[in-house]
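Notes for the one structure printed next.
Here, each number is a calculation from the coordinates, and none is a lab measurement. Given the structure is predicted, the values throughout are model-derived calculations rather than measurements. Cβ: placed from backbone, ideal geometry, glycine included. Neighbour counts: every protein chain shown.
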Amino acid sequence: MKFGVIVFPGSNCDRDLVWVTQGILNQPTRLIWHEESDLSDIDIVVIPGGFSYGDYLRCGAIARFSPVMQSTIHHARAGKPVLGVCNGFQVLTEAGLLPGALVRNRNLNFICDRAPLRVERNDLFWTQGYEKGQVITIPIAHGEGSYYADATTLKELEDNEQVIFRYCDAQGNPSPESNPNGSLHNIAGICNRQGNVLGMMPHPERAADEALGCVDGMALFEGLLRAMPALA
Amino acid sequence: MQGFMTEIAAAPFSAQEIASEGIKPDEYSEIVRRLGRHPNTAELGMFGVMWSEHCCYKNSRPLLKQFPTEGDRILVGPGENAGVIDLGDGMRLAFKIESHNHPSAVEPFQGAATGVGGILRDIFTMGARPIAILNSLRFGTLDDARTRRIFTGVVAGISHYGNCIGVPTVGGEVYFDPAYSGNPLVNAMALGLMETTEIVKSGARGIGNPVLYVGSTTGRDGMGGASFASAELSKESIDDRPAVQVGDPFLEKSLVEACLEAFKTGAVVAAQDMGAAGITCSTSEMAAKGGVGIELDLDLIPARETGMVPYEYLLSESQERMLFVAEKGREQELIDIFHKWELHAVVAGTVIEEPIVRILFQGAIAAEIPATALADNTPIYHRDLIAEPPTYAREAWNWTPDQLPPCDLSGISIGGQPLSWTDVLNQLLDAPTIASKRWIYRQYDHQVQNNTVMLPGGADAAIVRIRPLADATSSSITPTPSSLTKGVAATTDCNSRYVYLNPYEGAKAAVAEAARNLSCVGADPIAITDNLNFGSPEKPIGYWQLSEACRGLSEACTAFSTPVTGGNVSLYNETLDSDGKPQPIYPTPVVGMVGYIPDLSRIVGQGWTHEGDAIYLLGDGLDADSTALSFGGSEYLAVLHQTIAGQPPRVNFALERSVQAACRHGIRQGWVHSAHDCSEGGLAIALAESCISSDRGATISLPPLSARLDQVLFAEGGARIVVSVDQASVAQWETYLQAHLPYHWQTLGQVAASGSSLQIRADNTSVLVDATIAAMQNIWSTAIERRLTS
């Protein structure tokens, strides 16, 4: 199974992802420069966190026009897995692969913390390593991570069970107090209708290394590996 | 006297124009002597910035000479862009601290942001990938609206730059004191892991080699920032916004990658970042260090605005720019790398044999100065030290604890208000200097790069795993998780109230505390970088403070075998009040120390870990005398009694070394489960913080004591560390202490249950302090935020 991690100028979590997929999980992984367009060797495309193209204008707004994103859109439409983390999630919404938008955090400040999340579904290859309803703790680090969508879109997301991760308290309740950034419906991560494109603000790659204490993100990668023979 | 008056009289500039470049009359005379003629405007500007304290250390150099700079692990000491130490196994760490005080006073966000950008450039210029940022910040008090604006702006600026560029901000320190109301201190320290085989140096070599200008464009921003940083802040200079640079972390992120890629080609002979004094500083320092000259054509420099004159090109401090000397014939290879990262890269000059800096503009020579006149053989002022300590210090030393109100088991009555010891504890927990800094570090991405082993607030020092990375173009990551057992710890420290009261003892205490903080996580102290933030050295008191502090730093660095590998000097940290009277800051020699951790599985934090663990106090005992354990300069005296007086605690090097060694040994044996030093707020605050950090309580019983109870609970100093020890290891631990730290340890009590309280009893009966963790947590964790929103 081969991971491809996109590198835009300004990406800064690209190597963190490579560390997990290749350094820890021993999976072949390739960094993909933003000007490349051939993704034929890649099974899972990952769009990492960072500040693509400086995030001038709007987070992810310029990245969507890059050659690599055109190929990523084809990759997604072919039903292959695409994961966007943090800035990657923002890029996915800008590129139209996921609905809604990520806006400035409610308190207007950047937030770096560890956030408890409730896993809403475990019937997707992204989350099959978790129990449904399980509370996991994953680091967050963003200034513009407040999920927004209009009422119709939100209803669709909920009706189709596209919300995968929700900010919650230690007991799993998605309370207002446990919402770090003001996301509507406490949304931390969503997938597309087909379930092959996942965008999430929390960083699972920062919670996959025992040496750093927190490993709740590892099940996402491991679940993916178990599913891959079927997907490839 | 006669001499320079005639020079000035004959000068093509008015005395005012000369003074506005920060050049004194006798310095002007010296410039004319060196050149054999009067300088032109561009040259005068170049001398102005290069002869500023910021660039040439004309006041501090004689004092800095005494610092120990050599040691087994030191690969590069002072004089390069950053120091480099050897961590073994081919791993080398570059690190450095730098100030951005004056820009942050004027424009807090950009001032702080470019401070971070500047220190990161110093690191990657050496061929190292930045792996961590720390910062040392000083502000006025948060009841002042302007201070709140500066504080929130500085935090946002650091957050913006560090987060975008993807380097974790993992630690630091923040103090609030009226002494910094007009002149905040923003010191940023960065660490980097060498990625190139050769350490990239800055001395130009190879006559005929091309000189490359790379990175961003040159504009009029930051004009003369180095001179601006070397003068007092006045009401007018607060409006001097053009002297503040504007940063672009996105460009710098690309610059990091492009530079490291370029260095790995082997085609770069020398490199220097353009920080203070931009093109002037980089050309003259690179030329002077290499014993050669550089000819540079300003017409080839990518400009961001039109109509700039040589003076502006030469003094611009536009950010994210570097100067390279490349191997002749390989320049295109380098240019291609920078173009790939969408950055400028042009051949703008040549290394020449004649040791001069020659600047061309529109086909003519715009400036021509001997390189050493700008960068090496610069003015030095040897100032006279006052014969005895200044009056303010002697008066402060006259203070004795007898001047405090009496106290007993029930507490102390201050200004007619009776306070229990729990009340006093709570007031100290509410002091912003002691309170939780979470509001700040939550805005810093402290986990990017996946190596942050210790989260901010979790321990006395930051800990980062050492993990070499693959380069930008290949995805080959060599190390396996299990082979990565090593780490570095880092801390920044300075209790400037101590330094103010006694610069010599205070500076020693800063080094001792840094080494103690590293020891508290299990790291071996290795080397320091220092940031000397002081007032004007031209005043007898200012120079006395600087000189005494340097003497203290020097002795302490020798005592702890932690050589100085470089740093930064920021003088003239004074604000002229509305009456034009200068108000200096407290003298603040910030010590940034790095330590080595051989085994990351043997580290500890400051919070308790197991109920029932035995709590010990290492270092001076509960009834230590008042020279070691002092009220002088303590947070207790300042916050509760509004008094800044006394002698700060005296550092005992031998005891410090033994206490720190014992702590490290206990951690590495696995006996010690937590360690936290007693600093601001003394023993009681250290205990409270270990409780809050872990949400576990503690039951402490104090033996009958003759000392005042506030001395026992809140006095500071004494080389003290509070540790908690595994019950099963108590016997081994005590045997060890008996042999290696005789008479300097005692048991205090036990770790209690989660969610319980901190109880301190005297004579086994009377309860001195009884505070639930929830109550302490509530005060401590909201103290800063509450002051910002009220």
Remind me, relative contact order of region A:3-231 in percent, using alpha carbon pairs under 8 angstrom and six or more residues apart?
-> 19 percent
Just tell me how shielded A:211-220 is by partners: mean number of partner chain Cβ atoms within 10 Å of each residue's Cβ, no decimals.
-> 3
Shielding by other protein chains, B:161-170, mean Cβ within 10 Å = 4
Does the protein assembly as shown come out rounded, prolate or oblate by the C-alpha gyration tensor, with a ≥ b ≥ c the root eigenvalues, rounded set by a/c under 1.5 and, if not, prolate when a/b is larger than b/c and oblate if not?
-> oblate
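Quote the relative contact order of region B:509-580 in percent (integer), defining contacts as alpha-carbon pairs under 8 Å separated by 6+ residues. Let's see the in-between values first.
Details: 69 pairs, mean separation 31.5, N = 72.
Once normalised by length, the contact order is 44 percent.
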Summing -39500 (n - 2.57) over every DSSP H run of at least 4 residues in the protein assembly as shown and dividing by its residue count gives a helix-only mean residue ellipticity at 222 nm, to the nearest 500 deg cm²/dmol, of -9500 deg cm²/dmol
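Please rank B:Val32, A:Val7, B:Val590, fewest neighbouring Cβ atoms within 10 Å first, as an exposure proxy.
Working: B:Val32 18, A:Val7 24, B:Val590 30.
Going from least to most buried by this count: B:Val32, A:Val7, B:Val590.
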Summarise the partner chain shielding of A:101-114 as one whole number: the mean count of Cβ atoms from other chains within 10 Å of each residue's Cβ.
-> 3
Which lysines does B:Lys508 reach when only Cα atoms under 19 Å apart count, and residues fewer than 8 places away in its own chain are ignored?
-> B:Lys65
Check the straight Cα-Cα distances from B:Lys24 and name the aspartates and glutamates below 13 Å, setting aside those fewer than 8 residues away within the same chain.
-> B:Glu7, B:Glu53, B:Glu538
Placing one equal point scatterer on each C-alpha of region B:646-790 and summing with Debye, one gets log10 I(q)/I(0) at q = 0.09, 0.12, 0.18 Å⁻¹ equal to -0.31, -0.55, -1.19
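For region B:1-94, run through the trypsin sites (Lys or Arg not before Pro) and keep only the ones in DSSP coil with at most 14 other Cβ atoms within 10 Å of their Cβ.
On the way: sites: B:Arg33, B:Arg34, B:Arg37, B:Lys58, B:Lys65, B:Arg73, B:Arg92; in loops: B:Arg37, B:Lys58, B:Lys65, B:Arg73.
Filter output for region B:1-94: B:Arg37, B:Lys65.
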Note to self: Kirkwood Rh of region A:3-231, Cα pairs, one decimal, Å, is 17.1 Å
Cα gyration tensor of chain B, axes a ≥ b ≥ c as square roots of the eigenvalues: rounded (a/c below 1.5), prolate (a/b > b/c) or oblate?
-> prolate
Nearest 5 is fine: what % of DSSP beta bridges in region A:3-231 come out antiparallel, could you say?
-> 60 percent
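Suppose R0 equals 25 Å; then what is the FRET efficiency for B:Ser601 and B:Ala731 from their Cβ-Cβ distance, rounded to the nearest 0.05? Walk me through the numbers on the way to the answer.
On the way: r = 23 Å, r/R0 = 0.93.
Using R0 = 25 Å, I get an efficiency of 0.60.
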Compute the distribution of all C-alpha to C-alpha distances in region B:585-691, in bins of 5 Å from 0, and list the percent of pairs in each, rounded to whole numbers.
-> 2, 10, 15, 22, 20, 15, 10, 5, 1, 0
Could you name the lysines whose alpha carbon sits less than 30 Å from that of B:Lys253, not counting residues in the same chain fewer than 8 places away?
-> A:Lys2, B:Lys96, B:Lys201, B:Lys264, B:Lys289, B:Lys328, B:Lys340, B:Lys437, B:Lys486
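Cα-based Rg of region B:487-569 per 2.2 N^0.38 Å, rounded to two decimals? Present the calculation step by step, with values, prior to reporting the outcome.
On the way: Rg = 12.8 Å, N = 83, 2.2 N^0.38 = 11.8 Å.
So region B:487-569 has a normalised radius of gyration of 1.09.
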